[in-house]
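For reference, the structure is listed below as C-alpha coordinates.
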Amino acid sequence: MIILNIKFNKPFHSDNEQLYIKKALEMNSLSGDGYYTNLATSYLENRFHINKLLMTTSATHALEMAALIAGIKPGDQVIIPSFTFPSTANAFMLFGAEPVFVDINPTTLCIDLDDVKNKLSTKTKAIVPVHYAGISCNMDELRELTKKNETLIIEDAAQAVNSYYKDKPLGTLGDLSCYSYHSTKNYSCGEGGSLLINTSNKIVLEKAEIIRQKGTNRNSFIRGDIDKYCWCMAGSSYVPSDVLMALLYSQLENLDFIFKKRKVIHDYYHAILSPFVKNGTVKQITDIPEYNTSNYHLFYIMMHDRKRRNILKDKLLTYGINSTPHYVPLHTSIMGKKHGFDKYTLPNTDRIWDTILRIPIYPDLTNNEIEFIGEKLVEILKEF
Ligand SMILES: *Cc1c(COP(=O)(O)O)cnc(C)c1O
(Lines give C-alpha, C1' and ligand atoms only; values in the text may rest on other atoms or scores of the structure.)
Protein backbone atom coordinates (compact mmCIF):
# COMPACT_ATOMS: atom_id res chain seq x y z
CA MET A 1 0.00 0.00 0.00
CA ILE A 2 1.33 3.44 -0.92
CA ILE A 3 1.36 5.93 1.96
CA LEU A 4 2.32 9.57 1.40
CA ASN A 5 2.73 12.26 4.02
CA ILE A 6 0.46 15.07 2.87
CA LYS A 7 0.16 17.92 5.34
CA PHE A 8 -3.17 19.69 5.73
CA ASN A 9 -1.53 23.02 4.98
CA LYS A 10 1.86 24.37 3.95
CA PRO A 11 2.69 28.06 3.71
CA PHE A 12 3.76 29.27 0.27
CA HIS A 13 7.37 30.45 -0.21
CA SER A 14 8.27 32.87 -2.98
CA ASP A 15 11.58 33.30 -4.82
CA ASN A 16 12.06 36.87 -3.61
CA GLU A 17 11.21 36.50 0.06
CA GLN A 18 14.75 36.14 1.40
CA LEU A 19 16.02 38.96 -0.82
CA TYR A 20 13.30 41.35 0.39
CA ILE A 21 13.77 40.45 4.06
CA LYS A 22 17.51 40.97 3.67
CA LYS A 23 16.89 44.35 2.00
CA ALA A 24 14.63 45.42 4.86
CA LEU A 25 17.35 44.45 7.34
CA GLU A 26 20.04 46.25 5.33
CA MET A 27 17.90 49.40 5.14
CA ASN A 28 17.39 49.16 8.91
CA SER A 29 13.71 49.14 8.09
CA LEU A 30 12.72 47.14 11.16
CA SER A 31 9.87 49.01 12.82
CA GLY A 32 6.55 49.79 11.19
CA ASP A 33 5.37 51.86 8.23
CA GLY A 34 8.64 51.54 6.31
CA TYR A 35 9.50 50.78 2.69
CA TYR A 36 7.80 47.37 2.36
CA THR A 37 4.76 48.35 4.43
CA ASN A 38 4.16 51.14 1.93
CA LEU A 39 4.67 48.84 -1.07
CA ALA A 40 2.31 46.17 0.27
CA THR A 41 -0.29 48.74 1.32
CA SER A 42 -0.29 50.45 -2.10
CA TYR A 43 -0.44 47.11 -3.87
CA LEU A 44 -3.56 46.04 -1.98
CA GLU A 45 -5.25 49.46 -2.14
CA ASN A 46 -4.76 49.69 -5.89
CA ARG A 47 -5.54 46.11 -6.76
CA PHE A 48 -8.75 45.93 -4.72
CA HIS A 49 -9.82 49.59 -4.96
CA ILE A 50 -9.65 50.02 -1.20
CA ASN A 51 -10.39 53.46 0.19
CA LYS A 52 -7.90 53.10 3.09
CA LEU A 53 -5.92 50.09 4.29
CA LEU A 54 -3.80 50.04 7.44
CA MET A 55 -1.42 47.14 8.01
CA THR A 56 -1.80 45.53 11.42
CA THR A 57 -0.14 42.83 13.48
CA SER A 58 -3.09 40.46 12.84
CA ALA A 59 -6.72 40.29 11.73
CA THR A 60 -7.58 39.88 15.41
CA HIS A 61 -5.96 43.25 16.10
CA ALA A 62 -7.70 44.81 13.10
CA LEU A 63 -11.02 43.67 14.59
CA GLU A 64 -10.04 45.19 17.95
CA MET A 65 -9.25 48.44 16.17
CA ALA A 66 -12.64 48.26 14.48
CA ALA A 67 -14.28 47.85 17.89
CA LEU A 68 -12.40 50.90 19.21
CA ILE A 69 -13.23 53.00 16.14
CA ALA A 70 -16.89 51.98 16.39
CA GLY A 71 -16.84 53.03 20.05
CA ILE A 72 -18.03 49.63 21.27
CA LYS A 73 -18.96 49.82 24.97
CA PRO A 74 -20.72 47.74 27.63
CA GLY A 75 -24.38 47.31 26.80
CA ASP A 76 -23.79 47.15 23.04
CA GLN A 77 -24.70 44.02 21.14
CA VAL A 78 -22.74 42.68 18.18
CA ILE A 79 -24.28 40.05 15.91
CA ILE A 80 -21.82 37.33 14.88
CA PRO A 81 -21.98 33.74 13.70
CA SER A 82 -21.07 31.00 16.19
CA PHE A 83 -19.35 29.18 13.32
CA THR A 84 -16.15 31.26 13.28
CA PHE A 85 -12.73 31.74 14.83
CA PRO A 86 -12.78 33.04 18.46
CA SER A 87 -11.29 36.42 17.46
CA THR A 88 -14.58 37.46 15.85
CA ALA A 89 -16.14 37.42 19.33
CA ASN A 90 -13.14 38.33 21.50
CA ALA A 91 -12.43 41.59 19.68
CA PHE A 92 -15.81 42.98 20.75
CA MET A 93 -16.14 41.29 24.15
CA LEU A 94 -12.82 42.88 25.21
CA PHE A 95 -14.62 46.22 25.10
CA GLY A 96 -17.68 44.99 26.97
CA ALA A 97 -20.02 44.14 24.09
CA GLU A 98 -22.38 41.18 24.26
CA PRO A 99 -22.06 38.84 21.28
CA VAL A 100 -25.41 37.76 19.88
CA PHE A 101 -24.94 34.51 18.02
CA VAL A 102 -26.73 33.74 14.77
CA ASP A 103 -26.91 30.51 12.81
CA ILE A 104 -25.35 30.01 9.39
CA ASN A 105 -26.97 29.40 6.05
CA PRO A 106 -26.50 25.69 5.23
CA THR A 107 -25.23 26.39 1.70
CA THR A 108 -22.89 29.35 2.15
CA LEU A 109 -21.91 28.59 5.78
CA CYS A 110 -22.11 32.39 6.27
CA ILE A 111 -24.56 34.21 8.55
CA ASP A 112 -28.23 33.40 8.04
CA LEU A 113 -29.92 36.68 7.20
CA ASP A 114 -33.33 35.63 8.53
CA ASP A 115 -31.73 34.87 11.88
CA VAL A 116 -29.96 38.24 11.77
CA LYS A 117 -33.31 39.92 11.14
CA ASN A 118 -34.83 38.15 14.18
CA LYS A 119 -31.99 39.13 16.49
CA LEU A 120 -31.50 42.76 15.40
CA SER A 121 -32.43 45.19 18.17
CA THR A 122 -31.89 48.82 19.10
CA LYS A 123 -28.86 47.59 21.07
CA THR A 124 -27.21 46.14 17.94
CA LYS A 125 -24.15 48.25 17.30
CA ALA A 126 -22.63 46.11 14.56
CA ILE A 127 -23.11 42.98 12.49
CA VAL A 128 -20.00 40.96 11.66
CA PRO A 129 -20.40 38.74 8.59
CA VAL A 130 -17.60 36.16 8.38
CA HIS A 131 -16.67 35.30 4.80
CA TYR A 132 -16.06 31.62 5.44
CA ALA A 133 -13.80 30.00 2.83
CA GLY A 134 -13.72 33.28 0.91
CA ILE A 135 -17.48 33.09 0.32
CA SER A 136 -20.01 35.67 1.54
CA CYS A 137 -23.67 36.05 2.41
CA ASN A 138 -25.79 38.23 0.14
CA MET A 139 -24.17 41.57 1.03
CA ASP A 140 -26.90 43.67 -0.61
CA GLU A 141 -29.57 42.08 1.59
CA LEU A 142 -27.36 42.50 4.65
CA ARG A 143 -26.87 46.21 3.90
CA GLU A 144 -30.62 46.60 3.51
CA LEU A 145 -31.16 45.15 7.01
CA THR A 146 -28.80 47.65 8.63
CA LYS A 147 -30.34 50.78 7.09
CA LYS A 148 -33.08 51.43 9.62
CA ASN A 149 -30.83 51.84 12.67
CA GLU A 150 -27.59 52.68 10.83
CA THR A 151 -26.05 49.50 12.25
CA LEU A 152 -22.41 49.10 11.26
CA ILE A 153 -21.22 46.22 9.08
CA ILE A 154 -17.75 45.02 10.11
CA GLU A 155 -16.59 42.33 7.68
CA ASP A 156 -14.43 39.53 9.03
CA ALA A 157 -12.73 39.05 5.67
CA ALA A 158 -9.75 37.28 7.29
CA GLN A 159 -10.14 34.42 4.78
CA ALA A 160 -11.35 36.52 1.87
CA VAL A 161 -8.38 38.39 0.40
CA ASN A 162 -8.88 38.27 -3.39
CA SER A 163 -12.52 37.12 -3.21
CA TYR A 164 -15.32 39.12 -4.77
CA TYR A 165 -19.01 39.81 -4.19
CA LYS A 166 -20.39 40.63 -7.64
CA ASP A 167 -17.67 42.95 -8.98
CA LYS A 168 -16.58 44.26 -5.59
CA PRO A 169 -13.69 42.79 -3.56
CA LEU A 170 -14.80 41.37 -0.21
CA GLY A 171 -13.53 43.67 2.49
CA THR A 172 -14.71 46.77 0.61
CA LEU A 173 -18.44 46.36 1.27
CA GLY A 174 -18.67 46.85 5.03
CA ASP A 175 -17.98 50.04 6.98
CA LEU A 176 -14.82 48.45 8.38
CA SER A 177 -13.16 45.13 7.49
CA CYS A 178 -10.18 42.98 8.32
CA TYR A 179 -7.83 40.79 6.29
CA SER A 180 -5.47 38.16 7.72
CA TYR A 181 -1.99 37.14 6.58
CA HIS A 182 -1.60 34.39 9.16
CA SER A 183 0.47 31.51 7.78
CA THR A 184 -2.70 29.43 7.26
CA LYS A 185 -4.18 32.03 4.89
CA ASN A 186 -3.75 32.33 1.10
CA TYR A 187 -1.32 35.26 1.21
CA SER A 188 0.71 35.24 4.38
CA CYS A 189 3.61 36.65 6.36
CA GLY A 190 3.34 34.39 9.40
CA GLU A 191 1.37 36.81 11.55
CA GLY A 192 -0.22 39.91 10.08
CA GLY A 193 -3.40 41.60 8.98
CA SER A 194 -5.07 44.75 7.73
CA LEU A 195 -7.84 47.05 8.77
CA LEU A 196 -9.87 48.37 5.82
CA ILE A 197 -11.73 51.63 6.29
CA ASN A 198 -14.43 52.16 3.70
CA THR A 199 -15.33 55.74 4.50
CA SER A 200 -13.74 59.03 3.48
CA ASN A 201 -14.78 60.55 6.83
CA LYS A 202 -11.58 62.35 7.92
CA ILE A 203 -12.35 62.04 11.63
CA VAL A 204 -12.68 58.24 11.37
CA LEU A 205 -9.48 57.95 9.30
CA GLU A 206 -7.49 60.07 11.75
CA LYS A 207 -8.88 58.16 14.73
CA ALA A 208 -7.83 54.85 13.14
CA GLU A 209 -4.26 56.08 12.56
CA ILE A 210 -3.96 57.28 16.15
CA ILE A 211 -5.42 54.11 17.70
CA ARG A 212 -2.95 52.03 15.67
CA GLN A 213 0.06 54.17 16.70
CA LYS A 214 -0.16 53.78 20.49
CA GLY A 215 -2.69 56.58 20.79
CA THR A 216 -0.33 59.12 19.19
CA ASN A 217 -0.44 61.24 16.04
CA ARG A 218 2.88 59.80 14.90
CA ASN A 219 1.61 59.17 11.35
CA SER A 220 0.93 62.90 10.89
CA PHE A 221 4.48 63.51 12.10
CA ILE A 222 5.93 60.95 9.64
CA ARG A 223 4.06 62.72 6.81
CA GLY A 224 5.53 66.05 7.97
CA ASP A 225 2.12 67.57 8.80
CA ILE A 226 3.27 68.39 12.36
CA ASP A 227 6.72 68.94 13.93
CA LYS A 228 6.30 66.71 17.01
CA TYR A 229 3.91 63.98 17.99
CA CYS A 230 2.16 63.27 21.28
CA TRP A 231 -0.51 61.28 23.10
CA CYS A 232 -3.96 62.07 21.69
CA MET A 233 -6.39 59.31 22.72
CA ALA A 234 -6.66 55.71 23.88
CA GLY A 235 -4.82 53.35 21.56
CA SER A 236 -2.46 50.45 21.35
CA SER A 237 0.38 49.03 19.24
CA TYR A 238 -1.04 47.46 16.10
CA VAL A 239 1.81 48.25 13.68
CA PRO A 240 3.64 45.31 12.06
CA SER A 241 7.41 45.27 11.53
CA ASP A 242 8.58 46.18 8.02
CA VAL A 243 10.56 42.90 7.97
CA LEU A 244 7.29 40.96 7.95
CA MET A 245 5.83 43.32 5.36
CA ALA A 246 8.80 42.44 3.11
CA LEU A 247 7.66 38.83 3.36
CA LEU A 248 4.06 39.82 2.67
CA TYR A 249 5.02 41.88 -0.37
CA SER A 250 6.87 38.92 -1.87
CA GLN A 251 3.64 36.92 -1.54
CA LEU A 252 1.46 39.63 -3.03
CA GLU A 253 3.72 39.63 -6.10
CA ASN A 254 2.59 36.01 -6.51
CA LEU A 255 -1.09 36.70 -5.90
CA ASP A 256 -2.24 35.48 -9.31
CA PHE A 257 0.03 32.44 -9.27
CA ILE A 258 -1.26 31.33 -5.85
CA PHE A 259 -4.85 31.97 -6.94
CA LYS A 260 -4.47 29.86 -10.10
CA LYS A 261 -2.85 26.94 -8.26
CA ARG A 262 -5.68 26.87 -5.74
CA LYS A 263 -8.31 27.10 -8.45
CA VAL A 264 -6.88 24.10 -10.33
CA ILE A 265 -6.99 21.98 -7.15
CA HIS A 266 -10.49 23.18 -6.31
CA ASP A 267 -11.77 22.38 -9.81
CA TYR A 268 -10.23 18.91 -9.70
CA TYR A 269 -11.78 18.06 -6.31
CA HIS A 270 -15.07 19.46 -7.49
CA ALA A 271 -15.10 17.29 -10.61
CA ILE A 272 -14.13 14.15 -8.71
CA LEU A 273 -16.56 14.62 -5.83
CA SER A 274 -19.65 15.91 -7.63
CA PRO A 275 -20.86 12.38 -8.54
CA PHE A 276 -20.85 11.48 -4.83
CA VAL A 277 -23.00 14.49 -4.06
CA LYS A 278 -25.37 13.46 -6.85
CA ASN A 279 -25.66 9.86 -5.61
CA GLY A 280 -26.15 11.02 -2.00
CA THR A 281 -22.95 9.60 -0.44
CA VAL A 282 -21.73 13.10 0.30
CA LYS A 283 -24.12 15.76 1.62
CA GLN A 284 -22.32 18.75 0.15
CA ILE A 285 -18.98 20.09 -1.06
CA THR A 286 -17.66 23.66 -1.22
CA ASP A 287 -20.47 25.53 -2.92
CA ILE A 288 -19.67 28.96 -4.38
CA PRO A 289 -22.74 31.19 -4.83
CA GLU A 290 -23.20 32.80 -8.23
CA TYR A 291 -22.63 36.26 -6.76
CA ASN A 292 -19.13 35.33 -5.47
CA THR A 293 -15.75 34.87 -7.15
CA SER A 294 -13.84 32.77 -4.64
CA ASN A 295 -10.18 32.88 -3.67
CA TYR A 296 -10.46 29.12 -2.99
CA HIS A 297 -9.29 29.51 0.57
CA LEU A 298 -10.47 26.06 1.59
CA PHE A 299 -12.21 22.98 0.26
CA TYR A 300 -14.64 21.02 2.36
CA ILE A 301 -16.55 17.76 2.15
CA MET A 302 -19.70 17.55 4.27
CA MET A 303 -20.98 14.09 5.20
CA HIS A 304 -24.45 13.13 6.48
CA ASP A 305 -23.36 12.47 10.06
CA ARG A 306 -20.43 12.70 12.45
CA LYS A 307 -19.68 8.99 12.32
CA ARG A 308 -19.21 8.93 8.55
CA ARG A 309 -17.17 12.17 8.65
CA ASN A 310 -14.82 10.62 11.21
CA ILE A 311 -14.49 7.40 9.19
CA LEU A 312 -13.55 9.44 6.11
CA LYS A 313 -10.98 11.41 8.13
CA ASP A 314 -9.45 8.27 9.68
CA LYS A 315 -9.30 6.41 6.37
CA LEU A 316 -7.60 9.35 4.64
CA LEU A 317 -5.05 9.39 7.43
CA THR A 318 -4.18 5.72 6.88
CA TYR A 319 -2.86 6.89 3.47
CA GLY A 320 -1.02 9.81 5.10
CA ILE A 321 -3.56 12.40 3.96
CA ASN A 322 -4.28 14.95 6.69
CA SER A 323 -7.71 16.54 6.84
CA THR A 324 -9.44 18.52 9.56
CA PRO A 325 -12.93 19.54 10.76
CA HIS A 326 -13.80 23.14 11.49
CA TYR A 327 -14.80 25.39 14.33
CA VAL A 328 -15.88 24.13 17.67
CA PRO A 329 -18.93 26.44 17.63
CA LEU A 330 -18.30 29.47 19.84
CA HIS A 331 -21.62 29.13 21.67
CA THR A 332 -20.77 25.63 22.96
CA SER A 333 -16.99 26.17 23.43
CA ILE A 334 -15.45 26.34 26.94
CA MET A 335 -15.74 30.14 26.90
CA GLY A 336 -19.21 30.00 25.37
CA LYS A 337 -20.52 27.75 28.13
CA LYS A 338 -18.92 29.94 30.81
CA HIS A 339 -20.99 32.84 29.53
CA GLY A 340 -24.18 30.82 29.10
CA PHE A 341 -24.11 31.16 25.30
CA ASP A 342 -25.06 27.49 25.01
CA LYS A 343 -28.63 28.75 25.51
CA TYR A 344 -28.63 29.53 21.79
CA THR A 345 -30.26 27.03 19.42
CA LEU A 346 -28.21 26.99 16.21
CA PRO A 347 -29.01 23.73 14.40
CA ASN A 348 -27.03 24.36 11.19
CA THR A 349 -23.93 25.36 13.13
CA ASP A 350 -24.11 22.21 15.30
CA ARG A 351 -24.73 19.91 12.34
CA ILE A 352 -21.99 21.39 10.17
CA TRP A 353 -19.39 21.24 12.95
CA ASP A 354 -20.28 17.54 13.27
CA THR A 355 -20.05 16.69 9.59
CA ILE A 356 -17.57 18.96 7.82
CA LEU A 357 -14.06 17.94 6.78
CA ARG A 358 -11.50 20.19 5.11
CA ILE A 359 -8.99 18.59 2.75
CA PRO A 360 -5.57 19.92 1.64
CA ILE A 361 -5.60 22.82 -0.83
CA TYR A 362 -2.40 24.83 -1.25
CA PRO A 363 0.02 25.75 -4.07
CA ASP A 364 2.80 23.40 -2.94
CA LEU A 365 0.71 20.26 -3.49
CA THR A 366 2.30 18.34 -6.36
CA ASN A 367 0.24 16.87 -9.20
CA ASN A 368 1.11 13.47 -7.85
CA GLU A 369 -0.23 14.36 -4.40
CA ILE A 370 -3.40 15.93 -5.78
CA GLU A 371 -4.14 12.85 -7.88
CA PHE A 372 -3.36 10.58 -4.92
CA ILE A 373 -5.85 12.47 -2.75
CA GLY A 374 -8.48 12.26 -5.50
CA GLU A 375 -7.90 8.57 -6.06
CA LYS A 376 -8.14 7.73 -2.35
CA LEU A 377 -11.24 9.88 -1.86
CA VAL A 378 -12.99 8.01 -4.66
CA GLU A 379 -11.88 4.65 -3.27
CA ILE A 380 -13.06 5.45 0.26
CA LEU A 381 -16.34 7.09 -0.74
CA LYS A 382 -17.26 4.14 -2.99
CA GLU A 383 -17.23 1.92 0.14
CA PHE A 384 -19.85 4.04 1.94
C1 LIG B 1 -7.70 33.52 10.61
C2 LIG B 1 -8.95 34.14 11.07
C3 LIG B 1 -8.96 35.16 12.03
C4 LIG B 1 -7.75 35.59 12.78
O5 LIG B 1 -6.72 36.04 11.98
P6 LIG B 1 -5.32 36.44 12.65
O7 LIG B 1 -4.62 37.23 11.58
O8 LIG B 1 -4.63 35.16 12.98
O9 LIG B 1 -5.60 37.24 13.86
C10 LIG B 1 -10.16 35.76 12.34
N11 LIG B 1 -11.32 35.37 11.75
C12 LIG B 1 -11.35 34.38 10.85
C13 LIG B 1 -12.65 34.02 10.21
C14 LIG B 1 -10.18 33.72 10.48
O15 LIG B 1 -10.22 32.73 9.59
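Tabulated values for the structure
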item: Matching entry among His304, His297 (being within 16 Å of the chain's Cα centre (by Cα) and either within 21 Å of Pro363 (Cα to Cα) or open to solvent by 30 Å² or more (accessible area, probe 1.4 Å) (or both)); result: His297
item: Residue in segment 194-203 that is free of Cβ contacts under 8 Å to residues at least 60 places away in the same chain and within 16 Å of Met55 (Cβ to Cβ) present; result: no
item: Hits in segment 116-137 (condition: more than 16 Å from the ligand (Cβ to nearest atom) and either part of a loop (DSSP other than H, G, I, E, B) or basic (Lys, Arg) (or both)); result: Lys117, Lys119, Leu120, Ser121, Thr122, Lys123, Lys125
item: Hits in segment 175-203 (condition: within 14 Å of the ligand (Cβ to nearest atom), charged (D, E, K, R) and surrounded by 21 or more Cβ atoms within 10 Å (Cβ to Cβ)); result: Lys185
item: Any hit, segment 140-155, residues being away from the ligand (no atom under 15 Å from the Cβ) and either over 19 Å from Lys119 (Cα atoms) or in contact (Cβ under 8 Å) with a residue 60 or more places away in the chain (or both); result: yes
item: Single condition Ala67 does not satisfy, out of (1) in contact with a Leu (Cβ under 9 Å, 6 or more places away or on another chain); (2) closer than 29 Å to Tyr296 by Cβ; (3) within 16 Å of the ligand (Cβ to nearest atom); result: (2)
item: Selection count, segment 106-129, where residues are of a type in the set (S, T, N, Q) and surrounded by fewer than 18 Cβ atoms within 10 Å (Cβ to Cβ); result: 4
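The values are calculated or read from the model by the stated rules, or taken from the named source; none is laboratory data. Note that this is a predicted model, so its numbers are computed, not measured. Reconstructed Cβ throughout: ideal geometry from the backbone, glycine too, with neighbour counts over all protein chains shown. Just the protein is used for accessible areas: all its heavy atoms, side chains included, with ligands, DNA and RNA removed. Shrake-Rupley method; radii C 1.70, N 1.55, O 1.52, S 1.80 Å.
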